[in-house]
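The block underneath contains the structure these notes are about, expressed in structure tokens.
The values are calculated or read from the model by the stated rules, or taken from the named source; none is laboratory data. For clarity, every value in this text was computed on a predicted model and none was experimentally measured. We place every Cβ from the backbone using ideal geometry, glycine too, and count neighbours over all the protein chains shown.
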Amino acid sequence: MPADILTVSELNRQARLLLEQRFPLLWVSGEISNLTRAASGHVYFSLKDSQAQVRCVMFRSRAQILPWQLENGQQVEAQALVTLYEARGDFQLNVEAMRRAGVGRLYELFVRLREKLAGEGLFDAARKRELPRFPRRVGIVTSPQAAALQDVIATFARRAPHVELIIYPTLVQGAAAPAAIVAALAKATARNECDVLLIVRGGGSIEDLWAFNDEAVARAIASCCAVSPAPTIAGIGHETDITIADYVADRRAATPTAAAELASAGWFAATRELAELARNLRHTMQLKVEARMQAVDRLALRLIHPAQRLVASNQRLELLGRRLHAAGQLTSRRETLANLQLRLARARPALQPAHQHLDRLTHRLRQAIITLTAGRRDRLTRCNGALAALSPAATLQRGYSITHDAAGRIVRTAAQLTAGDQLRLQFAVGAATAVVAHIDEPQPTGNL
């Protein structure tokens, strides 16, 4: 194939590269039409104006973070990359981000006004005032038909129902709203009857909240802060919504309900503290009452009826009477005892002669015992000598011996023995064993 001839795919690729290099990421405004949502989550549509249209695709990763629902007929501004779908040769826009038409312009106005007022010092922290802890009257600048007003009233009814609420009605949306808000703030400042001033409105788009980004409204709030002693709280939109009024006010609350909670924080905290103190007081009083009740019970146990006291006194009196009577009898018996002691002393026998006779008898008894003991000792000595003379040991000392057979019997005659018997010979000192060798016949004894 000649070098200067391109295939369709090469042509489309080069065309895509040229488009992407020539047109970087840009914003395109138009009306949505032919909107289609694929099962994959990608969104296909066309952007058109009165004279032309262009195909667009917004892939799922971008479409799912879009804060609102895309619909046909919506005027939008799309941040897109100009490209070419090579497979079909379609010129299209790959949409990266999207916003409602006019938002970009409004945001630029918002930024410029914010920088201008910040340069004038309207946002300085030094000019912000502290909120009163216990406001008695709270002003509310809002629309009487707004849901935000009902939220504020419900919050105060729940947290500080005794606080008086004064409503300064105004428009909060539309072309006439800034002037109405300025007039309501001027009225609240002139009447000077509130301790805190709430500026509230419910959530909405940037266009719905634009009245609170108006320069006149911002300066009216700043003037109110400079002239009126009542500090201001701005509770406009939802948590993510920020307006110029939030910067100028003394305090910003994320929502109207949060603004009411901020204004009633002191009362709410005091109510909780008071409730805690009341609980502590009740508990302390209960403990003290219980302690006093126990003390009363103990005193009641010690308390005696007068009749019982009289009975006890009578009993004690009777006891003392009996003791007194007994004491009188004791005196009489003491006198009787003294008389008996005198009689006993007179009838006491003479003991001295008896003691002397007893001493003599004792001496005679001692001498008799000594004499009897000496006689008995002499007799014992004689018997001991006779016993020693007749003792077998004494006989053995003279050279005799005692003969025992094998059974341990004493041998008294030769007839008890046979030849070969073993004998045991007991001497005065020691012993010996012998064997019978021969037995002599007994010899007749004659008279000498």
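Structural remarks
- Looking across Arg322, Arg282, one residue alone is basic (Lys, Arg) and closer than 30 Å to Arg133 by Cα. It is Arg282.
- Residue in segment 223-233 that is at pLDDT below 90, in the same structural domain as Lys128 (by TED's automatic domain parsing), surrounded by fewer than 18 Cβ atoms within 10 Å (Cβ to Cβ) and under 21 Å from Ala101 (Cα atoms) present: no
- Residue within segment 272-293 that is modelled with pLDDT of 80 or more, among the hydroxyl-bearing types (Ser, Thr, Tyr), assigned to a helix (DSSP H, G or I) and within 30 Å of Ile153 (Cα to Cα) present: no
- Taken over segment 416-432, the residue count meeting the criterion of being without any contact (Cβ under 8 Å) to a residue 12 or more places away in the chain and exposed (fewer than 10 other Cβ atoms within 10 Å of the Cβ) is 2.
- Residue among Val196, Val138 that alone is in contact with a Cys (Cβ under 9 Å, 6 or more places away or on another chain), of a type outside the set (Asp, Glu) and crowded, with 22+ Cβ neighbours inside 10 Å: Val138
Residues are listed down the side, and each one gets a yes or a no for (1) under 17 Å from Glu215 (Cβ atoms); (2) within 46 Å of the chain's Cα centre (by Cα); (3) modelled with pLDDT under 95; (4) among the hydroxyl-bearing types (Ser, Thr, Tyr):
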{"position": "Gly102", "(1), (2), (3), (4)": "no, no, yes, no"}
{"position": "Val111", "(1), (2), (3), (4)": "yes, no, yes, no"}
{"position": "Leu117", "(1), (2), (3), (4)": "yes, no, yes, no"}
{"position": "Glu120", "(1), (2), (3), (4)": "yes, no, yes, no"}
{"position": "Lys128", "(1), (2), (3), (4)": "no, yes, yes, no"}
{"position": "Phe134", "(1), (2), (3), (4)": "no, yes, yes, no"}
{"position": "Ala147", "(1), (2), (3), (4)": "no, yes, yes, no"}
{"position": "Ala160", "(1), (2), (3), (4)": "no, yes, yes, no"}
{"position": "Lys187", "(1), (2), (3), (4)": "no, no, yes, no"}
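- Single residue of Ala184, Ala190 found to be free of Cβ contacts under 8 Å to residues at least 12 places away in the same chain, in the same structural domain as Pro135 (by TED's automatic domain parsing) and either within 17 Å of Val163 (Cβ to Cβ) or part of a helix (DSSP H, G or I) (or both): Ala190
- Taking the conditions (1) assigned to a loop (DSSP other than H, G, I, E, B); (2) modelled with pLDDT of 80 or more; (3) not basic (Lys, Arg) in turn, Leu358 satisfies each one other than (1).
- Test: residue in segment 149-162 that is in a loop (DSSP other than H, G, I, E, B) and under 21 Å from Ala226 (Cα atoms): no
- Ala126 being assigned to a helix (DSSP H, G or I) and more than 25 Å from Lys187 (Cα to Cα): yes
- Taking segment 235-263 as the range and being part of a loop (DSSP other than H, G, I, E, B) and touching a Phe, Trp or Tyr at 6+ places or on another chain (Cβ under 7 Å) as the test, only Thr243 passes.
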